[in-house]
Amino acid sequence: MTATAAEQNHLSPPSHPQRWLILGVICLAQLTVLLDNTVLNVAIPSLTRELDASTADVQWMINAYSLVQSGLLLTAGSSADRYGRKKMLVAGLALFGIGSLVAGLAQSSAQLIAARAGMGIGGALLMTTTLAVVVQIFDDTERVKAIGVWSTVSSLGFAVGPLVGGVMLDHFWWGAIFLINIPVAVIGLAAVVRLVPESKNPGGERPDLLGALLSTIGMASVVYAIISGPVHGWMSGRVLLTAFVGVAVLAGFVLWELHIPYPMLDMHFFRNQKFIGAVAGAILVAFGMGGSLFLLTQQLQFVLGYGPLEAGLRTAPLALSVVALNLTGLGARLVPKLGTPVTIAAGMSLLAAGLAAIAMLGGNGYGGMLLGLVMMGAGIALAMPAMANAIMSAIPPEKAGVGAGVNGTLAEFGNGLGVAVLGAVLNSRFAALVPAAVGAASLPAALASATGDGERARITDAFASGLETSQLVGAVAVLAGGLLAAALLRRAERAESARADSAEAGAAA
């Protein structure tokens, strides 16, 4: 559906006089939401000790946030368009702040998991409306620069979480990593109410509530099966039933989306090879980042013996590499020169090589890990702009917001899946090497039950071997996915070129 001239004028007003101040507030809120994707990673030892959390509990503390957020991103975006972006920003900040308070004061793993799910709802409302507000308050001459700042903050937020978590844990108890969100939410609320203008499209598509429910249940069920497989056995009734329910619900989601006039996810996008290739790459970049950070912080603390702050500082090169290369615009400049498929293949290959370097060289010291982190950051900075450009160019301009929502949803799912799959590989390998420790809920519990120094050393070595195996599995998945994404994009470009040549030949005739 094409917007009328009046609607276009409403959606593209002149620049707001306080636009840069508003951008600063929006980026602060965005940074806080993204930090909470990874800030828990360095708190894993504290959580296992103080809340008696098992490895599966910790995985759910991380995944509850990303899964709820990913399930609601598209619906939150359509709700903001229909009911008002400012209203959704206010609601998102309020929910995020309340969820952070409950998380910071949680007394059990179940309470923290529930609070994280509530934070995910607020995060979904914030993630889908911040970019919409940026587009609204900047005119065409400054919008590209503003979105560049927003994108850089997004990359920084995801990767710098372990550093922020380490700083907080070095001075306070683990709940402080959530309570620090509250002043940000309060400042954001005051600034949004005072500064951000309201905008909405009353004629927009109505929210697909059933689609959101089906996608969230389906993804959560599949990830639960992956997390619980090593604990209960891959062929156990619980795991098989949960996996079946997840797949069946996701299949129902696809059928529902195909037969309604207002789908949360337009399945016709998946007929476009360019879109499929770019989405596959986006999922696997998030898979590699989310899963590797989950493993890295455990390797730094459990195997190499660093404290939370030291571990956070040692993951910082990943964030610094991404931000530095994004600010220079290296990826954006290479796309026109190399082409989208080659740029994505190069970036994903670098990301995979970084994961492999950490697996092979990072077990005995930090030097090999540093090399791997820088390579991962360079790969992400190369691949992400190219994939975003491919996704947005593969769909009609009038559905650009939906395309951005799809990208965000699948990236969140990739992050949760990375934690689940690579964590499951780690648990399976650890259980295979140390069968006597299978009943232990975590590495600290297994070490505590060990009868002597020799057994403790064997348990630590087995855990390190599990980390290496899971990182190598992640590297192979990222490399294979990157090459597949590049091949699909190359084929799509050739098909478009052939159609263009055919059209020119027909016109000439």
Leu209 and Arg499 label points (each 7 Å along its Cα→Cβ direction) are spaced in nm at 3.8
Judged on accessible area alone, 1.4 Å probe, highest first, Arg456, Arg314 line up as Arg456, Arg314
In order over the range 274-290: 3J(HN,Hα) from phi, Karplus 6.51/-1.76/1.60, θ = phi - 60°, whole Hz, x for each Gly or Pro, gives 5, 5, 4, x, 5, 5, 4, x, 4, 4, 6, 5, 5, 4, x, 5, x
Note on the range 241-351: alpha-carbon gyration tensor, axes a ≥ b ≥ c; rule is a/c under 1.5 for rounded, else prolate if a/b larger than b/c, else oblate; result oblate
For Lys86 the rounded accessible area (nearest 10 Å², probe 1.4 Å, non-protein molecules ignored) is 50
Sorted list, accessible surface of protein heavy atoms, 1.4 Å probe, largest first, for Met375, Met384 is Met384, Met375
Two pseudo-spin positions, 7 Å from Cα along C-beta at Glu198 and at Arg458, lie apart in nanometres by 6.9
Rounded to the nearest 10 Å², the accessible area of Val39 using a 1.4 Å probe with every protein chain kept is 10
FRET efficiency for Leu361 and Gln107 from the Cβ-Cβ distance with R0 = 41 Å, rounded to 0.05, comes out at 0.50
In nm, the gap between the two label points placed 7 Å beyond Cα toward Cβ at Ala324 and His259 is 5.5
Net charge near Met61 (other residues with Cβ under 15 Å of its Cβ; Lys, Arg +1; Asp, Glu -1) is -2
Sorted list, accessible surface of protein heavy atoms, 1.4 Å probe, largest first, for Arg490, Arg333, Arg19 is Arg333, Arg490, Arg19
Sorted largest first, the Cα spans of the range 312-368 on the principal axes come out in Å as 41, 22, 12
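Rounded, prolate or oblate for the range 161-295? Axes are the square roots of the Cα gyration tensor eigenvalues, ordered a ≥ b ≥ c, and the cut-off for rounded is a/c under 1.5.
Judged from the Cα gyration tensor, the range 161-295 comes out oblate (a/c at least 1.5, b/c at or above a/b).
The values are calculated or read from the model by the stated rules, or taken from the named source; none is laboratory data. Source: prediction; values computed, not measured. Note that each Cβ is placed from the backbone with ideal geometry, even for glycine, and that neighbours are counted across all protein chains shown. Accessible surface areas use protein heavy atoms only, side chains included; no ligands, DNA or RNA. Shrake-Rupley method; radii C 1.70, N 1.55, O 1.52, S 1.80 Å.
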